[in-house]
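Right, one structure below, let's go through it.
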């Protein structure tokens, strides 16, 4: 929860909620979740809700993978009953045919190196722009 990526994802979430008049604090019990096991717990939570969300945008592919696989075990049809989107475009998203957000981690690593080198050597090398993209697969 303290990493720059996480902070930026949270900021983007709050910006989205503000733009569309949504309560960003409506589901505090979902903050900080990112494991497969926690995704499985979300599937059980979803199943027990009288007013079910139509979709989940998960903070990681692992959280989405747990949600997706447990939902299927519970007999939930994804994406007919609920859509699931991950984040990071890891190998698990490809294996599960999971819709995800591609995040250019290689360019982020290069930027980190450029920032360190700029600081240590007094350089002004420009950072690579980071382009995110939706990778549409079978869960949306």
Calculate for the chain the 222 nm mean residue ellipticity that helices alone would give, adding -39,500 (n - 2.57) per DSSP H run of length 4 or more and normalising by residue count, nearest 500 deg cm²/dmol. -14000 deg cm²/dmol
Förster radius 35 Å - calculated FRET efficiency between residue 20 and residue 123 (Cβ-Cβ, nearest 0.05): 0.25
Bin all alpha-carbon pair distances of segment 25-135 at 10 Å intervals from 0 and give each bin's fraction as a whole percent. 14, 37, 24, 15, 8, 2
Expected max-MSF residue from 22, 68, 98 in the GNM of the chain (alpha carbon, under 10 Å) is 22
Bridge type composition, segment 25-135 - antiparallel percent by DSSP, nearest 5: 30 percent
I'd like to compare 34-41, 49-56, 101-108: which one has the highest average count of other Cβ atoms within 10 Å, and what's the full order after that? 34-41, 101-108, 49-56
Taking only the alpha carbons of segment 1-76, what extent do you get along each of the three principal axes, in Å, biggest first? 34, 27, 15
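FYI, it's all coordinate maths here, none of it is from the lab. None of the values given here were measured: they were computed from a predicted structure. Cβ atoms come from the backbone with ideal geometry, glycine included; neighbour counts cover every protein chain shown.
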